[in-house]
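See below for the structure under consideration.
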Amino acid sequence: MKTTRILFVIAMVLAIAAPAEAKKVKLQYKLKAGDQFKYEVRTQQDNVQEIMGQTNSTTSTSQSSYGFNVKEVTASGDMVLSVALVEYGLSAVNPGGEGEMKFNSLTDTIVPNYAKSMVALLNEYYSFTLSPFGKISNVIAPEGIVEKVNKVVESLGDQMKMGAQAVGATASAEGFQKTLEGLIISFPEAGAETKKPWELESETNQMVAFKVVSKFEFINSSKDANEIKMTAQVTQKPGTPPMEIQGMNMTFEMVGAKEGSLLLDPLTNLIKTGTYSTSISGTISIDGPQLPSPMSIPMTSLTKETITRK
């Protein structure tokens, strides 16, 4: 009788545990040669600075579209793709005292200085290898692209260079890989399970080099989408060199957080839609012979990003 009771308890435990195990989902990229898709990334950034008792606010909205082509699928299941920035637009109000700026690569034939570094990247195709679980490798940049973008950056004034240098950093194979990692998620090979986040570390450069430690959590699976939540801590990389502008040195001390929500196509596990919100705050310190004493400028930045697969 006692043995029968023990066996019954074990059976009950297994019956309860089975549904929990069934919640684990094997997320993998499933693409085939000839597939084409486009990611549209829309970013709105609001910056606020306190300078000598006055508040300086900047609002900018950019739109970047990346076109992907699957060239082949290897015997091991890795996918070889090509990708390029195919569209770019910018709308900004009071960016550094420049007033209102608007540009769209599809409709505007004259390229203003503030858009030249991004336009230099248009239709320049990179290639890379993607594993079924999202590891990106073998990124190959177009020949001469770094020199092309750097030449554009050097032709700009000091104030424009601040943003253009960040664009220039993405032109190399290593820099462009960071762009790809913002569009393609790495998945745990053992499978994703509710309430068991997996962690990824990445870097980003927006005039300041940041380390981003992200935790992704599988929420739900349905015939329409696999839902993923993300939270992240954003910290400035130590040893970030000062930025020089008009003979003055600018150093940054910034920290922040990021959160997001993603819906993945259950057939391919590519992002269908995604939204991110990033808040960063800190100070900018400026020192130079033109100033009677060093300046410390408090700054906050709120960035909202939407990714849509077309």
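The values are calculated or read from the model by the stated rules, or taken from the named source; none is laboratory data. Please read these numbers as outputs of a predicted model, since none were measured by experiment. All Cβ positions, glycine included, derive from the backbone under ideal geometry; neighbour counts span all protein chains shown.
Descriptive notes on the structure:
- Only residues that are at pLDDT below 85, surrounded by 10 or more Cβ atoms within 10 Å (Cβ to Cβ) and out of contact with any Pro (no Cβ under 9 Å at 6 or more places or on another chain) were counted across segment 22-50, and they come to 2.
- Test set (1) in a strand (DSSP E or B); (2) modelled with pLDDT under 95 - PRO289 fails condition number: (1)
- Considering residues of segment 110-161 that are assigned to a loop (DSSP other than H, G, I, E, B) and small (Gly, Ala, Ser) only, the residue modelled with the lowest pLDDT: GLY157
- THR275, sole failed condition from (1) out of contact with any Phe, Trp or Tyr (no Cβ under 9 Å at 6 or more places or on another chain); (2) over 30 Å from ASN69 (Cα atoms): (2)
- Checking PHE218, PHE210, PHE187 one by one, the residue that is crowded, with 17+ Cβ neighbours inside 10 Å, more than 18 Å from THR129 (Cβ to Cβ) and at pLDDT 95 or above is PHE218 and no other.
- The residues in segment 292-310 that are within 30 Å of VAL83 (Cα to Cα) and either among the acidic types (Asp, Glu) or assigned to a strand (DSSP E or B) (or both) can be counted, and the count is 9.
- Within segment 193-234, restricting attention to residues that are of a type in the set (Ser, Thr, Tyr) and part of a strand (DSSP E or B), the residue that is farthest from PHE176 (Cα to Cα) is SER221.
- Leading residue by the ranking (farthest from GLU253 (Cα to Cα)) among those in segment 203-224 that are under 19 Å from the mean Cα position of the chain (by Cα) and small (Gly, Ala, Ser): SER214
- Candidates are the residues of segment 60-89 that are assigned to a strand (DSSP E or B) and in contact with a Pro (Cβ under 9 Å, 6 or more places away or on another chain); the one that is nearest to LYS38 (Cα to Cα) is ALA84.
- Selection within segment 268-292 - under 23 Å from GLN28 (Cβ atoms) and exposed (fewer than 15 other Cβ atoms within 10 Å of the Cβ): THR273
- Of all residue pairs spaced 6 or more apart or on separate chains, none has beta-carbon atoms under 8 Å together with a first member in segment 23-34 that is over 16 Å from LEU130 (Cβ atoms) and a second member that is surrounded by fewer than 15 Cβ atoms within 10 Å (Cβ to Cβ) and among the aromatic types (Phe, Trp, Tyr).
- Cβ separations smaller than 7 Å between residues 6+ apart or across chains give the following pairs from segment 134-155 residues that are under 14 Å from GLN177 (Cα atoms) to residues that are in a strand (DSSP E or B) and not hydrophobic (A, V, I, L, M, F, W, C): SER137/THR129; ASN138/THR129; VAL139/TYR126; ILE140/TYR126; ILE140/SER127; ALA141/TYR126; PRO142/TYR126.
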